[in-house]
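Data block below; observations after.
The values are calculated or read from the model by the stated rules, or taken from the named source; none is laboratory data. Nothing here was measured: the structure is a model prediction, and the numbers come from that model. Quick reminder, even Gly has a Cβ in these numbers, built from the backbone with ideal geometry, and neighbours come from all protein chains shown. To get the accessible areas, we keep the full protein, side chains included, count just its heavy atoms, and leave off ligands, DNA and RNA. Shrake-Rupley method; radii C 1.70, N 1.55, O 1.52, S 1.80 Å.
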Amino acid sequence: MSAPLLQVRGLAVRYGGIEAVKGVDLDVYQGELVTLIGANGAGKTSTLKALAGLLRPAAGEVLLDGRPAGGVAPHQLIRQGLALVPEGRGVFPRLTVAENLDMGAYARSDTAAIAADLERVFGMFERLHERRGQKAGTLSGGEQQMLAIGRALMGRPRLLLLDEPSMGLAPLMVQKIMAVIRQVASEGMTVLLVEQNARLALQAAQRAYVMEGGRISFSDTAQACLGDPRVRAAYLGE
Amino acid sequence: MDIFLQQLVNGLVQGSIYALVALGYTMVYGIIELVNFAHGEVVMVGALVSLSVIQRLADRGLSGWGVIAAGILVSIPACMALGFAIERVAYRPLRRAPRLAPLISAIGVSIALQQLAALIWGRNFLHYPEVVARTPFHLGGAVITEVQLVILATAALLMAGLWFLVQRTRLGRAMRATAQNPAVAGLMGVDVDRIIATTFLIGSALAAVAGTLVGTYYNVGNHTMGFLLGMKAFTAAVLGGIGNLQGAMLGGLLLGVIENLGAGYLGNLTGGVIGSNYSDVLSFLMLVAVLVLRPSGLLGERSAEKV
């Protein structure tokens, strides 16, 4: 196999004296949909935030396409091809849907390609097209999640990081969002998905890392994880 | 002469100056949730820099409005540099500090600037040379002077320009996004520090123009002139809903009109017990009333949205 698109080695994150992430190793290869699952407080979100530059790692190395990405200012990371859909979606509530999507392409200047991508996103999410002139704060939670994903795609990232996209959504909407994520991945996007809903994440992903107490406790193909008694007991409620 | 119409005209003129200053408060508050108490002093510096320029150019046979325009053109970059420096030195290092810290820093900057201005321009009231004639125009039952017309037109132009910048340009969109969620704006590739600095630059440029207009209108200035004006403009921003641009414009105009109507009628209404000199009290009473009845201001968002 060629070198991974995202290579994480020994990543540690500290909040004051508390070590939330204690040396995480993780690889994501081009075109893969990889999931990071684990209980609440296992350090999943901290790991993702450190990858996206929102937290400064205390130790470790993050390589994007072989180039160091750790400790770079967050507004530079999107220019290196890394987009994060944050936990809680983070849409701009008083910007319209269209303006939110435009913000996703803020770091780009290829006007024609941006317009084409906007059409693509509207094609993917009809709902967003219908509501393009509406303030994002008036959308439902599921629609906001679609907007957050569409906005991240507008940056044409090489790696899409998703933080708990199913959180707080109605079951039907969760199914829809997971279908969207699968579709995005099937079109060639490399995705790292952090989820508490382990079953859904494992059904969508090719490979999985299981996080426990700030460390990766093990990793395998998603299929194998679904059958693993430890995962079944701890995360699938069986 | 119709007192109501006259005071309405005077109020709109004064209010449009309040509005220009209020925009500076509200923009900074919208983006970093800081009441920049030094903003009134930036207006004062703008006024005094213009005064120096106007004094130097008066009596040289230049056109009066040309001289004032020169004052504005010099004071804008001076105030922008000042606003930029204030943010860098006094606020940015405290961005992650408890909220009281930058507030105290703001008051410190305000006092420091007043004293600095006293060193440069002295402590006496300075008079603006009368470079423009006070040609009166009759408007129904009221009189409006050329200076008043120019103030109204300038303020309207600047506010329209600002509205366009914020609502219709890429920079404006980034400013609004940063105000709503700086961390996510950063993820989109927005350099948040630069947006904050830009906000101070724009607010300071407006302050420079407002300072020059105030000086030209009242013909006096000194190192303390920014305090009351700043307080009034802050009141206007709160009245309209702090953080909201249209609110600052509306609040400024409203405050100016109410103050001037108060000055026109207070004496008659109270049989001379309370005179027009109480119009300042009126504006601060209004601030108290708004804070009690509608804490988010006339056009302000409900603060619950900040979750």
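For region A:123-134: of the residues being assigned to a helix (DSSP H, G or I) and surrounded by 14 or more Cβ atoms within 10 Å (Cβ to Cβ), which is nearest to the other protein chains (Cβ to nearest Cβ)?
A:LEU128
Could you list, in sequence order, all residues of region A:39-51 that are crowded, with 18+ Cβ neighbours inside 10 Å and among the polar types (S, T, N, Q)?
Correct list: A:THR45, A:SER46, A:THR47.
Would you pick out the residues in region A:44-79 that are over 22 Å from A:GLY213 (Cβ atoms), part of a helix (DSSP H, G or I) and in contact (Cβ under 8 Å) with a residue 60 or more places away in the chain?
Within region A:44-79, A:ILE78 is the sole residue that qualifies.
Condition check: over 15 Å from B:LEU213 (Cβ atoms) and free of Cβ contacts under 8 Å to residues at least 60 places away in the same chain. Does B:LEU82 satisfy that?
When the stated conditions are applied, B:LEU82 does not pass them.
B:ARG99 - would you say it is touching a residue at least 60 places away in the same chain (Cβ under 8 Å) and open to solvent by 60 Å² or more (accessible area, probe 1.4 Å)?
It is true that B:ARG99 is touching a residue at least 60 places away in the same chain (Cβ under 8 Å) and open to solvent by 60 Å² or more (accessible area, probe 1.4 Å).
Which of the residues belonging to region B:135-172 are within 14 Å of chain A (Cβ to nearest Cβ), open to solvent by less than 50 Å² (accessible area, probe 1.4 Å) and part of a helix (DSSP H, G or I)?
B:VAL166, B:GLY172 - these are the residues of region B:135-172 that are within 14 Å of chain A (Cβ to nearest Cβ), open to solvent by less than 50 Å² (accessible area, probe 1.4 Å) and part of a helix (DSSP H, G or I).
Working carefully through the options A:ARG89, A:ARG14, A:ARG9, find the one that is closer than 30 Å to A:ARG132 by Cα and either out of contact with any helix residue (DSSP H, G or I) (no Cβ under 6 Å at 6 or more places or on another chain) or part of a loop (DSSP other than H, G, I, E, B) (or both).
Criteria check complete, one pass: A:ARG89.
Inside region A:87-109, can you point out the residues that are within 7 Å of chain B (Cβ to nearest Cβ) and open to solvent by less than 40 Å² (accessible area, probe 1.4 Å)?
Within region A:87-109, A:GLY90, A:PHE92, A:PRO93, A:LEU95, A:GLU99, A:MET103, A:GLY104, A:TYR106, A:ALA107 qualify.
Could you name every one of the strands (runs of 3 or more DSSP E) located completely within region A:135-223 that has at least 3 residues being modelled with pLDDT under 95 and either open to solvent by 10 Å² or more (accessible area, probe 1.4 Å) or more than 19 Å from A:GLY237 (Cβ to Cβ) (or both)?
A:215-221
Could you figure out which of (1) modelled with pLDDT of 95 or more; (2) open to solvent by less than 30 Å² (accessible area, probe 1.4 Å) isn't true of A:ILE78?
A:ILE78 satisfies every listed condition except (1).
Just one of the numbered conditions (1) within 11 Å of another protein chain (Cβ to nearest Cβ); (2) at pLDDT below 95 is not true of A:ARG120; which one?
The failed condition is (1).
Looking at B:ARG56, B:ARG96, can you tell me which residue is among the basic types (Lys, Arg) and in a loop (DSSP other than H, G, I, E, B)?
B:ARG96
How do the helices (runs of 4 or more DSSP H) wholly within region B:173-274 filter down when requiring 2 or more residues that are open to solvent by less than 40 Å² (accessible area, probe 1.4 Å) and more than 14 Å from chain A (Cβ to nearest Cβ): which remain?
In region B:173-274, B:192-218, B:225-240, B:245-269 are the helices (runs of 4 or more DSSP H) which contain 2 or more residues that are open to solvent by less than 40 Å² (accessible area, probe 1.4 Å) and more than 14 Å from chain A (Cβ to nearest Cβ).
Could you tell me which of the residues A:LEU84, A:LEU54, A:LEU36 is facing chain B (nearest Cβ under 8 Å), in contact with a strand residue (DSSP E or B) (Cβ under 8 Å, 6 or more places away or on another chain) and crowded, with 23+ Cβ neighbours inside 10 Å?
Answer to the check: A:LEU84.
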